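Everything on this sheet refers to the single structure shown next.
No value in this document is a laboratory result; all are computed from the given coordinates. Only a predicted model underlies this, so the values are computations on that prediction, with no experimental measurement involved. So basically every Cβ, Gly included, is an ideal-geometry build from the backbone, and we count neighbours across all protein chains shown.
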């Protein structure tokens with residue numbers, strides 16, 4: 001019987017432990033720099049938050065399985081040392097069935113974590129790709145579409161130094177270091193006010209403040225973008241961010257007014273489409 005108990009502990013439980021470790025590894029891969037790629041899309045932001053809660057729940061279930069397995073192993077050790085042979089055999093069989101059930105649950109858990117992690121990565125990549133498209137000069141629009149501080153003046157082409165400074169600020173945002181991103185983007189705007197990327201840097205200042213729940217500061221930063229670069233392609237996104245901040249502050253009337261203005265001024269923009277969806281649900 002002692003030989004049987006050792007087989008139960010080693011052979012039946014090892015697949016469960018491996019599955020639980022696999023699930024935990026998947027979780028660690030799915031959450032690098034959580035929230036690091038958020039743009040102005042609150043719907044995607046909420047979907048990613050829901051995925052995060054789902055993964056947290058799966059991890060809690062995994063921890064519970066691991067604790068239950070540890071208790072079973074202790075029971076097996078105690079039974080092997082103390083119980084009569086017949087009773088030990090019966091209890092070992094019951095424990096064997098329980099371990100098999102736990103192993104099945106662990107396999108299901110691993111699949112669920114893998115699926116949730118993939119969905120979350122897909123949403124991150126989608127958001128980041130759309131934000132990158134906004135940061136590239138439009139092939140059909142002249143460079144003057146985003147004028148710098150001097151009204152009507154063409155922005156100067158970005159230099160290598162500007163590009164490196166802008167990318168360094170973006171990297172801070174992508175890893176979730178929003179205070180660092182704000183400081184870096186503010187330095188960029190101060191140092192390169194006529195850059196073709198200055199209006200996007202100003203937008204990311206407001207977006208990063210929104211992620212820090214500094215809603216009043218986010219509104220002020222986006223209003224600065226609109227006042228300084230009124231013809232910028234970032235204005236619709238800035239208006240959407242302002243409306244989101246107003247809604248978070250509990251000012252639904254102001255949020256609705258901002259969304260209405262966005263739809264009226266930029267009816268064909270992607271931001272306007274999002275605004276229409278929010279107007280349908282805004283209370």
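Observations on the model:
- The stretch between residue 254 and residue 194 holds 18.4 nm of extra length on full extension. This uses 0.36 nm per residue minus the Cα-Cα distance.
- The slack between residue 276 and residue 90, meaning 0.36 nm per residue of separation minus the straight C-alpha distance, is 60.4 nm.
- Per-peptide average of other Cβ atoms within 10 Å, ordering 241-249, 218-226, 54-62, 255-263 highest first: 241-249, 218-226, 255-263, 54-62
- Cβ-Cβ FRET estimate between residue 75 and residue 52, R0 fixed at 45 Å, reported to 0.05: 0.80
- Footprinting exposure proxy ranking of 189, 108, fewest other C-beta atoms within 10 angstrom first, gives 108, 189.
- Gyration tensor over alpha-carbon atoms, the stretch 192-283, equivalent ellipsoid semi-axes in Å: 21, 16, 9
- Cβ-Cβ FRET estimate between residue 175 and residue 226, R0 fixed at 25 Å, reported to 0.05: 0.35
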